[in-house]
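Participant: If you scroll down you'll find the structure; I have some questions about it.
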Amino acid sequence: MDRETRVFAESHFRGLEGRLPSRVCPKLDRVDFIEKPDSFSYADFFKGYLLPNLPCVFSSAFTEDWGSRRLWVTPSGKPNFDYLLQNYGDVVVPVANCGVQEYNSNPKEHMPLRDYISYWKEYIQANYSSSRGCLYLKDWHLCRDFLAEGVFTLPIYFSSDWLNEYWDALDVDDYCFVYMGPTGTWSPFHADVFRSFSWSVNICGRKKWFFFPPGQEEALRDCHGGLPYDVTSPTLLDSRLHPMRDRCGPPLEVTQEAGEMVFVPSGWHHQVHNLEDTISINHNWVNGCNLANMWHFLQQELSAVQQEVIEWRDTMPDWHHHCQVIMKSCSGINFEEFYHFLKIIAERRLLLLAKGMSPGQVEGGEDTGLGPQQAAFDIGRIAEVLESVVAHPDFQRVDPSTFSPRPEVLLRQLEEAVAATTSL
């Protein structure tokens, strides 16, 4: 990030005047297609898509050097089952049944990859049908479980990635997944975890995306307040079941070809269908541009938990603590861990500025080239959100003995750093 881009970004957030970034986006009638890597800079993406929170599609030229596009695909453009079996056949992978609805998702089972590929081959031979249903390999942590060098190269546009930076620092998890499945497999209507951004690359095959801008999903709720499972279902046309449907415009539709990369903005609900036998790599990420969205989402999650157990508020000892425990069980994170997330990223950014390093150089990592301007921008965004966290009544009830430094101390350090970097 250069200084001009940082000043532009800070001006953008001041202009929001406290509104969520995800709720301020222009009406679109199409999704932009980015064709040439050489003429599209990090600043172009940051200003044109990341800040305004708008989707776009990158051409296959951006991923042409990826090892997975060479090794996982046959010369005819189909999944290379032989290579996958030879290298990953014994790995146990998660598999969803697209033909069975379980709430607003699909039930999952686990099986060795070789068993899934055997099913996939039989499914193709049976004209894409099976008594076992339509099975979709989803959320396989390939890069966490293997040294997956060469599988993909993280594009510079997505390199300010706090979510995976945090989990890498703890060495416990990641948000990088492999999906693969036959024609007809699909992902139901949803918005991404923690209201993260995501990117998705088709290693082979084609996908059809249905995008709804933030807020549009409210008009799709049924008469009981539930979001739809399938936005292509004819039941959405029933005004008795979906009384607000006519307030929602048509979705933005994108057909993603092999090698192409889709950027999914924060808080955009979407549904995705595989039009061919398809393998994709998908990555969720959070940074300063959607941190406020993540914090807002976590507040909503806690409020929902509290409403579910409100009848025990006066009789259950440590009711507020139990709400945080339930929230973490359901959402994967609670207020205490959110503070630790902010703290780790904040301390790393403060160190970067102190040493004059770029974010990608922390602890010997690859240099992303984002530089001290990015670190200064990140510190400003963390300070703004942390100020809201510290003031939240439910955060003030969290046991402070787990915090070092205390949130108020860290906030003061960040505010001092913001003041010191004004002229950077």
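The values are calculated or read from the model by the stated rules, or taken from the named source; none is laboratory data. These figures come from a predicted structure and were not determined experimentally. A quick note on method: Cβ atoms are made from the backbone with ideal geometry, for glycine too, and the neighbour counts reach across all protein chains shown. With ligands, DNA and RNA removed, areas are computed over all heavy atoms of the protein, side chains included. Shrake-Rupley method; radii C 1.70, N 1.55, O 1.52, S 1.80 Å.
Participant: What pairs come up if the first residue lies in region 60-73 and is among the hydroxyl-bearing types (Ser, Thr, Tyr), the second is open to solvent by 10 Å² or more (accessible area, probe 1.4 Å) and not in a loop (DSSP other than H, G, I, E, B), and their beta carbons are under 9 Å apart, counting only those six or more places apart or on different chains?
Facilitator: As it stands, the answer is 60/69; 63/69, since those pairs meet every condition given.
Participant: Find the residue count for region 125-161, including only residues that are part of a helix (DSSP H, G or I), loosely packed, with under 15 Cβ neighbours inside 10 Å and modelled with pLDDT of 95 or more. It would help to see each step written out before you state the result.
Facilitator: At the first step, the residues of region 125-161 found to be part of a helix (DSSP H, G or I) are 125, 142-145, 156-158.
With loosely packed, with under 15 Cβ neighbours inside 10 Å added as a condition, the list becomes 125, 145.
Remaining after also requiring modelled with pLDDT of 95 or more: 125.
So the answer is 1.
Participant: Taking strands (runs of 3 or more DSSP E) that fall entirely within region 165-270, which contain at least 1 residues that are in contact (Cβ under 8 Å) with a residue 12 or more places away in the chain, open to solvent by less than 40 Å² (accessible area, probe 1.4 Å) and over 30 Å from residue 89 (Cβ atoms)? Outline the logic, then answer.
Facilitator: Numbers: elements: 176-181, 186-190, 197-204, 207-212, 252-256, 261-264.
Strands (runs of 3 or more DSSP E) meeting the threshold: 186-190, 197-204, 207-212, 252-256, 261-264.
Participant: Now for a different question. Residue check, residue 75 against (1) open to solvent by less than 60 Å² (accessible area, probe 1.4 Å); (2) assigned to a loop (DSSP other than H, G, I, E, B); (3) closer than 26 Å to residue 262 by Cα; (4) of a type outside the set (D, E, K, R), all met but one. Which one?
Facilitator: For residue 75, the failing item is (1).
Participant: Restricting the search to region 338-359, which residues are open to solvent by 20 Å² or more (accessible area, probe 1.4 Å) and under 18 Å from residue 194 (Cα atoms)?
Facilitator: Scanning region 338-359 gives 340, 343, 344.
Participant: It is to be established whether one or more residues within region 43-64 are of a type in the set (S, T, N, Q), open to solvent by less than 60 Å² (accessible area, probe 1.4 Å), over 14 Å from residue 265 (Cβ atoms) and assigned to a helix (DSSP H, G or I). Even if it seems obvious, please write down each step before you answer.
Facilitator: Going through region 43-64, the residues of a type in the set (S, T, N, Q) turn out to be 53, 59-60, 63.
Those still in the list that are open to solvent by less than 60 Å² (accessible area, probe 1.4 Å) too: 53, 59-60, 63.
From what's left, over 14 Å from residue 265 (Cβ atoms): 59-60, 63.
Still in the running and assigned to a helix (DSSP H, G or I): 60, 63.
Yes, the conditions are met somewhere in region 43-64.
Participant: Quick one: how many residues across region 84-121 are open to solvent by 80 Å² or more (accessible area, probe 1.4 Å) and either part of a loop (DSSP other than H, G, I, E, B) or among the polar types (S, T, N, Q) (or both)?
Facilitator: Residues of region 84-121 open to solvent by 80 Å² or more (accessible area, probe 1.4 Å): 86, 90, 92, 101-103, 108-110, 114.
The next check asks that each one be either part of a loop (DSSP other than H, G, I, E, B) or among the polar types (S, T, N, Q) (or both); those that pass are 86, 90, 101, 103.
Count: 4.
Residues are listed down the side, and each one gets a yes or a no for (1) part of a helix (DSSP H, G or I); (2) modelled with pLDDT of 95 or more; (3) crowded, with 18+ Cβ neighbours inside 10 Å; (4) not acidic (Asp, Glu):
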position	(1), (2), (3), (4)
380	yes, yes, yes, yes
386	yes, yes, yes, yes
389	yes, yes, yes, yes
395	yes, yes, yes, yes
401	yes, no, no, yes
405	no, no, no, yes
408	yes, yes, no, no
411	yes, yes, yes, yes
416	yes, yes, no, no
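Participant: Same structure, new question: What residue, among those in region 1-42 that are open to solvent by 50 Å² or more (accessible area, probe 1.4 Å) and basic (Lys, Arg), is modelled with the highest pLDDT?
Facilitator: Among those residues, the one meeting the criterion is 36.
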